[in-house]
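What follows is one structure encoded as C-alpha cells, with my remarks underneath.
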Amino acid sequence: MKKSYASAIAEIAIFVALMVVGAWVQIPFYPVPLTFQTVIAVLSGVLLGWKKGVAAMSVYLFMGFVCFIPVFSDHSLAGFAYAMKPSFGYIIGFIVSALAGGLIVSGGRYSFKRCLVAALVAFVANYAVGVPYFAIAWKFFLNGTGLGAAMVTYNLVYMPKDLVLSVLAAMLAYRVAPYLSGSGTRLKKDK
C-alpha cells in the first residue's frame, strides 16, 4: 500500500526540523563548532529515499537562502549573503548527499551492507561538493591565503566525526527503515 501524501510531508518536515536543530545545537570546537547536519543529510536519503530526502534538504536550503530565515549554523547570516561563506558548499552538498544515499537504497530493499554503502556514498557526496566550494570561496570570495592549511583546518579535521556518524546512521537506517512502511511490518530485505 502506498503511503499517503500527508505521511510523506510529515517525514520531510521532520528532517527539515532535524536540520534546523542540527545547525543550532553546536559543540564548541576550534576553529568551527561541531554540528550534526551532515549525518542528518545522510540519514535523510538513506532512511527516506532520494525523493523525500532531496525534498527535505531542498526545503532547508530554501528556508535559509531564499526566505532569509536564520536556519544555518551561523545564525547571524541568512539569505544570499550566506553563499559567500566557504561552508555554504556543504549546504548544497546536503541535497547531493540525500540524493546519492537515497538512490542506493531505492526500491525498498534494505540490508546492512546496502545501508552502509549508501551512507558512505552520501558522506563522500557531501564532501565532494563542500570541499571544492570551500576552496573556491576561500580563494575568490575571501581572498584567503594558505589554502592547503585552511583545507585541513576547516574541512578534513571534521571528516572522521562525519564518517563515524555516517556509519551510525547506516545502522540506524537498517533498524528503522523496515518499519516505515506504515503497517509496522518489515520491508523487503536483500538476500
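The values are calculated or read from the model by the stated rules, or taken from the named source; none is laboratory data. Computed from a prediction, not measured in an experiment: that's the story for all the values here. Cβ placement follows ideal geometry from the backbone for every residue including glycine, while neighbour counts extend to all protein chains displayed. Only protein heavy atoms, including side chains, enter the accessible area calculation; ligands, DNA and RNA are left aside. Shrake-Rupley method; radii C 1.70, N 1.55, O 1.52, S 1.80 Å.
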Residue by residue, what Karplus-based ³J(HN,Hα) values in Hz, rounded to whole numbers, does segment 21-30 have, using 6.51, -1.76 and 1.60 with θ = phi - 60° and x for Gly and Pro? 5, x, 7, 7, 8, 10, 9, x, 7, 9
The farthest towards the positive end of the charge dipole of the chain, of the residues Ile92, Ala81, Tyr133, given +1 on Cβ of Lys and Arg and -1 on Cβ of Asp and Glu, is Ile92
Note down the nm distance, to one decimal, between modelled labels 7 Å out along Cα→Cβ at Val21 and at Cys67. 1.8 nm
Ordering Cys67, Cys115 from largest to smallest accessible area (1.4 angstrom probe), what's the sequence? Cys67, Cys115
Stick to the Cα atoms of segment 97-142, pair each with every other, and give me the Kirkwood hydrodynamic radius in Å at one decimal. 11.6 Å
Accessible surface, segment 39-191, averaged per residue in Å² (probe 1.4 Å): 47 Å²
Taking the Cα centre of the chain as origin, work out the dipole magnitude from +1 charges on Lys and Arg Cβ and -1 charges on Asp and Glu Cβ, in debye rounded to 20. 860 debye
Connecting C-alpha atoms closer than 10 Å in a GNM of the chain, tell me which of Phe112, Phe134, Phe123 has the biggest fluctuation. Phe112
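Which order do Ile9, Ile95 take by accessible area at a 1.4 Å probe, largest first?
Numbers: Ile9 115, Ile95 35 Å².
Sorted descending by solvent-accessible area, the residues read Ile9, Ile95.
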Using a 1.4 angstrom probe on heavy atoms only, work out the carbon and sulfur share of the accessible area of the chain in %. 75 percent
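In debye to the nearest 20, how big a dipole does segment 35-143 give about its Cα centre with +1 on each Lys and Arg Cβ and -1 on each Asp and Glu Cβ?
Numbers: 7 positive and 1 negative charges, 73 e Å.
In total the dipole reaches around 340 debye.
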Interchain or long-range residues, amide H under 5 Å from Leu34's placed H: Ile27, Phe29
For semi-axes √(5λ) of the Cα gyration tensor in Å, calculated from these coordinates, the label among [x] 23, 18, 17; [y] 30, 18, 13; [z] 59, 23, 11: [y]
Rounded to the nearest 10 Å², the accessible area of Thr35 at probe 1.4 Å: 20 Å²
